[in-house]
Amino acid sequence: MDRYVSLNKFNTFGLNVTASFYCTITDASEIFELIKESVFKNERKLILGGGSNVLFLDDFYNGLVIHIENKGKTLLRETAHNVYFRVAAGESWSDFVDEMVQCGYGGVENLSFIPGTVGAAPIQNIGAYGTELKDIFYQLTAIDLITGEKVFFNKEECEFGYRTSVFKTRLRDRYLITHVDFKLNKHPEININYAALNQFLYNKGIVNPTVKDISNAVIEIRKSKLPDPSVLGNAGSFFKNPVIHNLLFQNLQQEFPDIIGHKESNDFTKISAAWLIEKTNWKGKRVGNAGFHDKQALVLVNHGNATGRELFHVAMLAKQAVIENFSIELDMEVNIA
Ligand SMILES: Cc1cc2nc3c(=O)[nH]c(=O)nc-3n(C[C@H](O)[C@H](O)[C@H](O)COP(=O)(O)OP(=O)(O)OC[C@H]3O[C@@H](n4cnc5c(N)ncnc54)[C@H](O)[C@@H]3O)c2cc1C
């Protein structure tokens, strides 16, 4: 257990935060010892992966940061159609995707180049370009931080939804995920339903894309749109796209014919939070060193030495503007610590 450790390199907003207690988990078995320690029992706790979806409000995290760094990948079994892999929570998500793509296994290619760890991926059911983690998820292994029990969660038990799971809702902070099992396809079914991806491949003249083509396309699109956190601190989309009732959507459409929405179910439509932020003039706007990105309105960025509170303040100003203009309340995608 270390004291007063800088988390500057461990959060993609690049905030200068110090943790009063800090430890790393390099092997899942270490958790059983950790939970017996008095610091674990008495202090506030944060499980940290790559820190790409966390906003620290203060410069000092008064508690214990448990940094997940266990590594390893195992092929569990193989059938005529599928391969099942168990991947340690501390592995890089992006490296795992690259490895699967190189092998020609299908299912993860649309999720290329998302920062962070494998263990954090189920927390918000990461998603991009028409695919979500749940589409290739098989089960996960976790440790109950109250009882110390090792438990498995299947897909249903994870209660995956749009950028959410049971670990973000009723079981928040209760479990530490140690491994995630994936089911990948040996005969990939390509998913190019997402308009921007489809258009990109069309422009490149790629007619029958392979998983490698999809992965390359996704990486190129992402690099052109999203700021690199090592250059401009950010945590990707700060807010979720709100899902609203069709009646409200139709009302908004009459007033704003260019509003962007996609049918979510029979009664509900998911609308673009980036569009809402742009319409309230927050795209590219900054207050001091905190602001919203000029190419992607949904990305809150640290232009320099903004504090966590300054970033949060700007996010709340944009949220308030959206409420006042559209009567829609944006939910945060990023976790506040
Ligand atoms: C440039 C950029 C682009 C992004 N694009 C996308 C995108 O397209 N789609 C998308 O869904 N997300 C995106 N994100 C958000 C982020 O990459 C994902 O949410 C990612 O899964 C976070 O992983 P992490 O390891 O960094 O998690 P952290 O930020 O370290 O943690 C996130 C949350 O998970 C918890 N947690 C982490 N590991 C564990 C564990 N092992 N057990 C239990 N709890 C844990 C933490 O306590 C915290 O609440 C983007 C972020 C950036 C910076």
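Here, each number is a calculation from the coordinates, and none is a lab measurement. In this text, all values refer to a predicted model and were calculated from it rather than measured experimentally. As a convention, Cβ positions derive from the backbone with ideal geometry for all residues, glycine included, and neighbour counts pool all protein chains shown.
Can you pull a Stokes-Einstein diffusion coefficient for the range 109-214 at 4 °C (1.567 mPa s), Rh from Kirkwood over Cα pairs, as a whole number of µm²/s?
Numbers: Rh = 15.2 Å.
Value of D from the Cα-based Kirkwood radius: 85 µm²/s.
Give me the percent relative contact order of the chain, please, defined on Cα pairs under 8 angstrom at least 6 residues apart. Provide the component values of the computation, followed by the final result.
On the way: 690 pairs, mean separation 56.6, N = 337.
Computed over the chain, the figure is 17 percent.
Rounded to the nearest 20 debye, the dipole size of the range 252-332 about its Cα centre is 320 debye, using +1 on the Cβ of Lys and Arg and -1 on the Cβ of Asp and Glu.
Which whole-angstrom value gives the distance between the alpha carbon centres of the range 119-171 and the range 208-259? With the range 119-171 and the range 208-259 each reduced to a Cα centre, they are spaced 22 Å.
Counting only Cα atoms, I'd like the Rg/Rh figure for the chain, Kirkwood definition for Rh. Display every interim value, and only then the final one.
Values: Rg = 20.4 Å, Rh = 21.1 Å.
Here the Rg-to-Rh quotient is 0.97.
Of the peptides 232-239, 281-288, the order by per-residue mean of other Cβ atoms within 10 Å, starting with the highest, comes out as 232-239, 281-288.
Would you list the membrane-span-like helices of the chain, meaning whole DSSP H runs whose alpha-carbon atoms span at least 24 Å along their axis and whose mean Kyte-Doolittle value is at least -0.5?
Details: long enough: 308-326 (27 Å, 0.39).
Taking the DSSP H segments of the chain (at least 24 Å long, mean hydropathy at least -0.5), we get 308-326.
What the Cβ-Cβ distance of K295 and I328 gives, at R0 = 30 Å and to the nearest 0.05, is a FRET efficiency of 0.85. Per-residue ellipticity at 222 nm computed for the chain from its helices equals -7500 deg cm²/dmol, with DSSP H segments shorter than 4 residues left out and the rest contributing -39,500 (n - 2.57).
The mean sequence separation of alpha-carbon pairs under 8 Å and at least six residues apart, normalised by the residue count of the range 73-220, gives a relative contact order of 30 percent. Global dimensions of the range 262-337 from alpha-carbon coordinates: Rg and Dmax equal 13.1, 45 Å.
Simple point charges give the picture: +1 on the Cβ of Lys and Arg, -1 on the Cβ of Asp and Glu, and for the range 179-337 a dipole about the Cα centre of about 420 debye.
Full extension of the chain between D58 and N281 yields a length gain of 77.5 nm, computed as 0.36 nm times the residue separation minus the alpha carbon distance. From the Cα gyration tensor of the range 1-102, with a ≥ b ≥ c the square roots of its eigenvalues, which class applies: rounded if a/c is under 1.5, or else prolate if a/b is larger than b/c, or else oblate? Cα axes put the range 1-102 in the oblate bin.
If you rank K319, K134 by fewest surrounding Cβ atoms within 10 Å, what's the result? Working shown, then result.
Working: K319 22, K134 16.
Lowest count first: K134, K319.
Projecting the Cα atoms of L57, I25, F13 onto the dipole axis of the range 2-68, where Lys and Arg carry +1 and Asp and Glu carry -1 at the beta carbon, places L57 farthest toward the positive end.
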